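The values are calculated or read from the model by the stated rules, or taken from the named source; none is laboratory data. None of the values given here were measured: they were computed from a predicted structure. No Cβ is skipped: glycine too gets one built from the backbone with ideal geometry, and neighbour counts run over all protein chains shown. We work out accessible area using only protein heavy atoms, side chains counted, and drop any ligands, DNA or RNA first. Shrake-Rupley method; radii C 1.70, N 1.55, O 1.52, S 1.80 Å.
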Amino acid sequence: SKRIKPRGLHEVAETAQLCVSELVANVITHVGAGTPTTLALAMSGTYLRIEVHDPDARALPTLLDPMTDSESGRGMALVDAVVDRWGVQLRGDGKVTWCELATGLSSPHGHGGGPGVTRAEAMLGMYGALRLPIRPISGHTQLNVAMAEEAAVVVIADVLHWLRAHGCDPDEALDRAQLRFEVEGAGSAN
């Protein structure tokens, strides 16, 4: 099975994997192994939305008290405990069982990570516009993650050249930047 790693959503990746496992297991247990099932991941505002589509509108997920002796319903109790909201949509061709996880993103197309990430994103957008061919989309210049990563590498290399040209030690600057990154990362993880 392929692991789900929502890009930019590392904080909810493990919870998302758990939810996918439980929602799919629910279909296998209550609808049957081999049932055609579709998994969809999408953003719903600033929430990660996970949907599992199956063709049986009669076998509805149930939420039971996890303290009961029943084996049935415990998966949905687990999902209920870790998500912000969940539900079932009945359709003519079956049902969609869905759940949503808060991501901490500032917008559906934004990011989490605080002011350092915001500054880096703005700088990479400007730098990318100067160095990389970026197409305007709907009046905005969009820098996708792959292009931003390439722009970041170019920025770092250019800054190292600038440091050397001004008599500074690029290795020392990289060491100090790495230390600062680790210290700031440890603070935001709490």
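Leu48: accessible area at probe 1.4 Å, nearest 10 Å²?
10 Å²
Give me the net charge of Gly94's neighbourhood, meaning all other residues with Cβ under 14 Å from the Cβ of Gly94; Lys, Arg count +1, Asp, Glu -1.
Net of charged neighbours comes to -1.
Suppose R0 equals 22 Å. What FRET efficiency, 1/(1 + (r/R0)^6) with r the Cβ-Cβ distance, do Leu179 and Asp158 give to the nearest 0.05?
Taking R0 as 22 Å, the efficiency between Leu179 and Asp158 is 0.55.
Can you tell me how much longer the chain between Glu172 and Arg49 gets when fully stretched, taken as 0.36 nm per residue apart minus their C-alpha distance, in nm with one decimal?
In short, 39.9 nm is gained.
State the dimensionless ratio Rg/Rh of the range 17-64 (Rg: radius of gyration of Cα atoms; Rh: Kirkwood radius).
Ratio value, two decimals: 0.99.
What's the FRET efficiency of Ala165 with Glu121 using the Cβ-Cβ distance as r and R₀ = 30 Å, to the nearest 0.05? Before the final figure, lay out the partial values.
Working: r = 27 Å, r/R0 = 0.89.
Rounded to the nearest 0.05, the efficiency is 0.65.
Please compute the modelled spin-label separation between Ala40 and Gln89, points set 7 Å along Cα→Cβ, answer in nm with one decimal.
Rounded to a tenth, the inter-label distance reads 0.6 nm.
Give me, ordered by chain and number, the residues 5 or more places off Arg85 or on other chains with an amide H under 5 Å from its own placed amide H.
Glu100
May I ask which residue of Ile28, Gly45, Leu60 lies farthest towards the positive end of the charge dipole of the range 9-60, with charges of +1 (Lys, Arg) and -1 (Asp, Glu) on Cβ and the Cα centre as origin?
Leu60
Hey, can you grab everything whose amide H is under 5 Å from the amide H of Asp56? Only 5+ residues off in sequence or another chain; H modelled, so Pro and N-termini drop out.
Placed amide hydrogens put Lys95 under 5 Å from Asp56.
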